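Asker: Below: one structure in structure tokens.
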Amino acid sequence: MLSAIDVSYYIIEQFVRSKGRSISNLKLQKLLFYAQAHYLGLYGKSLFKEDIEAWKHGTVINSVYHEFKRYGNKLIPFTKESNQALFTDEQLAFIDFICDEYGKHSPKTLYKMVHDDKAYKRFYKDGKRRIVIPTSELKKIYDGTVVIDEKKFEESILRDIKKLDKTKAKTFTFTEALRHFGLAN
């Protein structure tokens with residue numbers, strides 16, 4: 001199973017390569033939360049092994065926080081390429097999709113979204129630290145709730161297929177692409 005650090009380095013790399021800029025620890029934490037929650041809701045299993053905790057400033061993966069806390073609220077520099085060999089094609093496409101959907105929001109907006117989230121509100125206790133949001137609860141709350149802009153999702157999957165094999169990508173329909181990633185029968 002992936003670690004949240006593995007996923008973090010992939011997200012940072014994707015932002016730098018596709019948008020020409022990195023992201024802050026705060027934004028990274030929120031993207032990791034939505035990636036884990038929606039992955040649990042869609043596939044019934046965790047994307048990464050670490051727990052998500054409810055902290056005062058929202059959802060946090062403790063190991064990721066400590067990995068990048070030295071940057072404070074500044075952008076995390078791109079210093080390490082991700083090991084994409086650790087990921088399945090399905091995971092890469094899914095993370096790309098989450099980054100496209102949620103990454104367009106500012107850290108402040110994501111902060112507000114997480115504070116309004118049912119899972120966060122249910123488990124956060126003012127003044128308490130290290131409160132784990134159980135994956136079983138995230139799975140229940142997010143079961144089947146991936147909000148999809150179908151056109152963007154289709155473009156994201158087809159873009160990832162093109163990365164894999166440019167000649168075959170031109171012949172894939174969207175349904176074939178979903179089958180390729182195990183997202184359809």
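The values are calculated or read from the model by the stated rules, or taken from the named source; none is laboratory data. From a predicted model like this one, the values you see are computed outputs, not experimental measurements. Cβ atoms come from the backbone with ideal geometry, glycine included; neighbour counts cover every protein chain shown.
Asker: Is it true that some residue in the stretch 67-81 is buried (at least 16 other Cβ atoms within 10 Å of the Cβ) and part of a helix (DSSP H, G or I)?
Answerer: yes
Residue-by-condition table, conditions (1) more than 15 Å from residue 12 (Cα to Cα); (2) of a type in the set (Asp, Glu):
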| residue | (1), (2) |
| --- | --- |
| 62 | yes, no |
| 68 | no, no |
| 88 | yes, no |
| 96 | no, yes |
| 102 | no, no |
| 122 | yes, no |
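Asker: Could we say that residue 54 is crowded, with 21+ Cβ neighbours inside 10 Å, touching a strand residue (DSSP E or B) at 6+ places or on another chain (Cβ under 7 Å) and either small (Gly, Ala, Ser) or more than 24 Å from residue 125 (Cα to Cα) (or both) here? Please lay out each step first, then the result.
Answerer: On the way: crowded, with 21+ Cβ neighbours inside 10 Å: yes; touching a strand residue (DSSP E or B) at 6+ places or on another chain (Cβ under 7 Å): yes; either small (Gly, Ala, Ser) or more than 24 Å from residue 125 (Cα to Cα) (or both): yes.
Judged against the criteria, residue 54 is a match.
Asker: Cβ-Cβ below 7 Å, separation at least six or inter-chain, first residue in the stretch 4-21 and surrounded by fewer than 22 Cβ atoms within 10 Å (Cβ to Cβ), second of a type in the set (A, V, I, L, M) and not in a helix (DSSP H, G or I): which pairs?
Answerer: Close Cβ pairs (under 7 Å, with a partner that is of a type in the set (A, V, I, L, M) and not in a helix (DSSP H, G or I)) amount to 15/23; 21/75.
Asker: State all residues of the stretch 22-51 that are under 22 Å from residue 69 (Cα atoms), crowded, with 17+ Cβ neighbours inside 10 Å and either without any contact (Cβ under 8 Å) to a residue 60 or more places away in the chain or among the charged types (D, E, K, R) (or both); if no residue qualifies, say none.
Answerer: Within the stretch 22-51, 22, 25, 27, 28, 29, 30, 32, 48, 50, 51 qualify.
Asker: Could I ask something else about it? Mind telling me which of the residues 95, 76, 5 ends up being farther than 20 Å from residue 133 by Cα and within 12 Å of the chain's Cα centre (by Cα)? Walk me through it before giving the result.
Answerer: Values: 76 fails: within 12 Å of the chain's Cα centre (by Cα); 5 fails: farther than 20 Å from residue 133 by Cα.
Among 95, 76, 5, only 95 is farther than 20 Å from residue 133 by Cα and within 12 Å of the chain's Cα centre (by Cα).
Asker: Please determine, by comparing only the residues of the stretch 82-105 that are in contact (Cβ under 8 Å) with a residue 24 or more places away in the chain and more than 16 Å from residue 32 (Cβ to Cβ), which one is surrounded by the most Cβ atoms within 10 Å (Cβ to Cβ).
Answerer: Across the stretch 82-105, the extreme among qualifying residues is 93.
Asker: Return yes or no: is residue 85 assigned by TED's automatic domain parsing to the domain that holds residue 132 and farther than 25 Å from residue 116 by Cα?
Answerer: Numbers: assigned by TED's automatic domain parsing to the domain that holds residue 132: yes; farther than 25 Å from residue 116 by Cα: yes.
Yes.
Asker: Let me ask you something else. May I ask you to say which residue of 117, 126 is among the acidic types (Asp, Glu) and surrounded by 13 or more Cβ atoms within 10 Å (Cβ to Cβ)? If you could, list the steps in order and put the result at the bottom.
Answerer: Numbers: 126 fails: surrounded by 13 or more Cβ atoms within 10 Å (Cβ to Cβ).
Exactly one residue qualifies, and that residue is 117.
Asker: Further question on the same structure: Quick check on my filter: what residues within the stretch 38-60 are of a type outside the set (Lys, Arg) and outside any strand (DSSP E or B)?
Answerer: Here is the first cut: in the stretch 38-60, the ones of a type outside the set (Lys, Arg) are 38-44, 46-48, 50-55, 57-60.
Result: 38, 39, 40, 41, 42, 43, 44, 46, 47, 50, 51, 57.
Asker: Residue under question is residue 63, and the condition is that it be assigned to a loop (DSSP other than H, G, I, E, B), surrounded by 15 or more Cβ atoms within 10 Å (Cβ to Cβ) and in the same structural domain as residue 139 (by TED's automatic domain parsing); does it hold?
Answerer: Numbers: assigned to a loop (DSSP other than H, G, I, E, B): no; surrounded by 15 or more Cβ atoms within 10 Å (Cβ to Cβ): yes; in the same structural domain as residue 139 (by TED's automatic domain parsing): yes.
No; evaluated as a whole, the condition is false for this residue.
Asker: Quick one: is residue 24 at pLDDT below 95, more than 26 Å from residue 140 (Cα to Cα) and assigned by TED's automatic domain parsing to the domain that holds residue 139?
Answerer: Numbers: at pLDDT below 95: no; more than 26 Å from residue 140 (Cα to Cα): yes; assigned by TED's automatic domain parsing to the domain that holds residue 139: yes.
So residue 24 does not fit the description; no.
Asker: Checking residue 109 against (1) outside any loop (DSSP other than H, G, I, E, B); (2) surrounded by fewer than 19 Cβ atoms within 10 Å (Cβ to Cβ); (3) in contact (Cβ under 8 Å) with a residue 12 or more places away in the chain, which single condition isn't satisfied?
Answerer: Unmet condition: (3).
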